[in-house]
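Take a look at the structure set out below.
The values are calculated or read from the model by the stated rules, or taken from the named source; none is laboratory data. Bear in mind the structure is a predicted one, so any value in this text is a computation, not a measurement. Here Cβ is always computed from backbone atoms with ideal geometry, including for glycine, and neighbour counts include all displayed protein chains.
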Amino acid sequence: MQKLKNFYHLIQAIIANVLYGFPSRKLKIIGVTGTDGKTTTTHLIAHILKTAGKKTSFISSVVAEGFHVTTPSSFALQKLLRRSADNNDEYFILETTSHALDQNRVWGIIYEIGVVTNITHEHLDYHKNYEEYLSTKIKLLKMAKIGIVNMDDESYPHIKDKIPNIKHTYQILKNIKNIPDLTKFNQYNYSAAYTVCKELGLKEEIILEALKTFELPKGRLDLVYDKDFKVIIDFAHTPNALAQLLPAIIEIYLKKQGRLIHVFGSAGLRDFTKRPLMGQASGHSCDLVILTEEDYRTEDPIKICQEIATGLEKEKFTKVNYDQLINCSEKSYSVIVNREKAIREAIKLAKKNDVVVLTGKAHEKSLCRGKTEYPWDEYEAVEKALKISNYSN
């Protein structure tokens, strides 16, 4: 069935390319793929190029209206590329998902550079196994004139097996380490963007100056409240992203002075095998956890939370009613399906020097319950919770 759908998408892509006159041929397209870091790396490259005075357009999950999409449909994408070409842009940076690659939605696009940030556990509901997921991701490298990969990522040996002559790699660069307050995962994103722009011929000093003025996209390690305690919003929704994000928050913001309180869930009708791993990643770093909804669709949200909880329990977490969390110092979790209430209760729990981190939704503007997309604003939910608890921004 999926092969038939992919053939349909291929026909759509061919028609879209013809209709809009193969616009990618008039642009230098930089494709960015990976399990995590795609959006930040896309924004970084765009920022560097614009700072260098290059006419540049880009699209990412943050720019794509926040409704669970990243790479648009073939017609929408070719229309954007046509507009960019007509604007006489030189560069177009395209965040490119594995689904878009597998479904032929990016057929006909000529990539100047393709970069893979990392390939870890995600989308195995669609791709069936890691090997298939990896093979789909590296299609971008094969489509690009120049392929760039993260030499430190677990995927690198597998990529090298499939593309033995891969020449362009990156690791964390020394001059990136000198930029203050960068988490390790962002050091990789910055290094990826640096490597791409060096390959495009930009001077090192221009790239480094641009990196120093870069601001992370909305919903990426976003400190939204910073008084007696802190509230952070982040889009992390994979085991790897949580395993990278949570220790970084401890290192930068907690410094052993308070507790880390985590509110999160996992999307319904998506890769269920990652749920216990997400629980383990959270349990490894956090003190208190509230499991909640995250686009549960037609799945039972209680069941999703129970699957995440198996990972928390491996980390010795104990389930309690949410009204008991107030008396728990560490290693306890509760389930509150309603996300707004979960956020409100987490903020009520916060004491001096604590950090409350909300992951999974960030910039997205809707919450899928059943078959309906309800309006959602994570930032607004935090504001309401702070007011109810008599805190103010």
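Do we find a residue being of a type outside the set (S, T, N, Q), in contact with a Ser or Thr (Cβ under 9 Å, 6 or more places away or on another chain) and within 17 Å of PHE235 (Cβ to Cβ) anywhere in the range 255-263? Within the range 255-263, one or more residues are of a type outside the set (S, T, N, Q), in contact with a Ser or Thr (Cβ under 9 Å, 6 or more places away or on another chain) and within 17 Å of PHE235 (Cβ to Cβ).
Could you tell me which residue of the range 366-393 is nearest to TYR296 (Cα to Cα), considering only residues that are in a helix (DSSP H, G or I) and under 24 Å from the mean Cα position of the chain (by Cα)?
Top of the filtered list is GLU378.
Is there a residue being of a type in the set (Asp, Glu), over 20 Å from LYS274 (Cβ atoms) and assigned by TED's automatic domain parsing to the domain that holds LEU44 anywhere in the range 116-130? No, the range 116-130 has no match at all.
Take the conditions in contact (Cβ under 8 Å) with a residue 24 or more places away in the chain and either surrounded by 19 or more Cβ atoms within 10 Å (Cβ to Cβ) or not hydrophobic (A, V, I, L, M, F, W, C) (or both) and apply them to ILE138. Does it pass? Here the answer is yes, as ILE138 does meet what is asked.
Whenever a residue of the range 275-286 is under 10 Å from ILE308 (Cα atoms), its partners that are modelled with pLDDT under 95 and surrounded by fewer than 20 Cβ atoms within 10 Å (Cβ to Cβ), lying with C-beta atoms within less than 7 angstrom and at least six residues away or across chains, give the pairs LEU277/HIS121. Within the range 149-162, being in contact with a Ser or Thr (Cβ under 7 Å, 6 or more places away or on another chain) and buried (at least 17 other Cβ atoms within 10 Å of the Cβ) holds for VAL149, ASN150. May I ask you to verify whether ILE233 is over 17 Å from THR35 (Cβ atoms), crowded, with 18+ Cβ neighbours inside 10 Å and touching a Gly at 6+ places or on another chain (Cβ under 8 Å)? Judged against the criteria, ILE233 is a match. The residues of the range 1-40 that are surrounded by 18 or more Cβ atoms within 10 Å (Cβ to Cβ) and among the hydroxyl-bearing types (Ser, Thr, Tyr), listed by number, are TYR20, SER24, THR33, THR35, THR39, THR40. Of everything listed in (1) farther than 30 Å from LEU349 by Cβ; (2) in contact with a Lys or Arg (Cβ under 6 Å, 6 or more places away or on another chain), the single unmet condition for GLU205 is (2).
Within the range 112-151, work out how many residues are in a helix (DSSP H, G or I) and not basic (Lys, Arg).
Initially, the range 112-151 is screened for residues in a helix (DSSP H, G or I), giving 124-127, 130-137, 139-143.
Remaining after also requiring not basic (Lys, Arg): 124-127, 130-136, 140-141, 143.
Within the range 112-151, residues that are in a helix (DSSP H, G or I) and not basic (Lys, Arg) number 14.
Checked against (1) surrounded by 15 or more Cβ atoms within 10 Å (Cβ to Cβ); (2) among the polar types (S, T, N, Q); (3) over 21 Å from the mean Cα position of the chain (by Cα), ASN165 passes all but a single condition, namely (1).
Considered as a group, the residues in the range 77-111 that are assigned to a helix (DSSP H, G or I) and among the small types (Gly, Ala, Ser) include one that is surrounded by the most Cβ atoms within 10 Å (Cβ to Cβ), and that residue is ALA100. Going through (1) crowded, with 19+ Cβ neighbours inside 10 Å; (2) without any contact (Cβ under 8 Å) to a residue 60 or more places away in the chain; (3) charged (D, E, K, R) one by one, GLU380 falls short only on (1).
Looking only at the range 184-218, count how many residues are part of a loop (DSSP other than H, G, I, E, B), in contact with a helix residue (DSSP H, G or I) (Cβ under 6 Å, 6 or more places away or on another chain) and either at pLDDT below 95 or within 19 Å of VAL149 (Cα to Cα) (or both).
Narrowing the range 184-218 to residues part of a loop (DSSP other than H, G, I, E, B): 200-203, 213-218.
When the remaining residues are screened for being in contact with a helix residue (DSSP H, G or I) (Cβ under 6 Å, 6 or more places away or on another chain), the result is 214, 217.
Those left that are additionally either at pLDDT below 95 or within 19 Å of VAL149 (Cα to Cα) (or both): 217.
Qualifying residue count for the region: 1.
Of the residues making up the range 116-124, not a single one is surrounded by fewer than 19 Cβ atoms within 10 Å (Cβ to Cβ), among the hydroxyl-bearing types (Ser, Thr, Tyr) and over 22 Å from ALA46 (Cα atoms).
Is it the case, given these coordinates, that ILE179 is touching a Phe, Trp or Tyr at 6+ places or on another chain (Cβ under 8 Å), surrounded by fewer than 19 Cβ atoms within 10 Å (Cβ to Cβ) and either part of a loop (DSSP other than H, G, I, E, B) or not assigned by TED's automatic domain parsing to the domain that holds MET151 (or both)? Yes.
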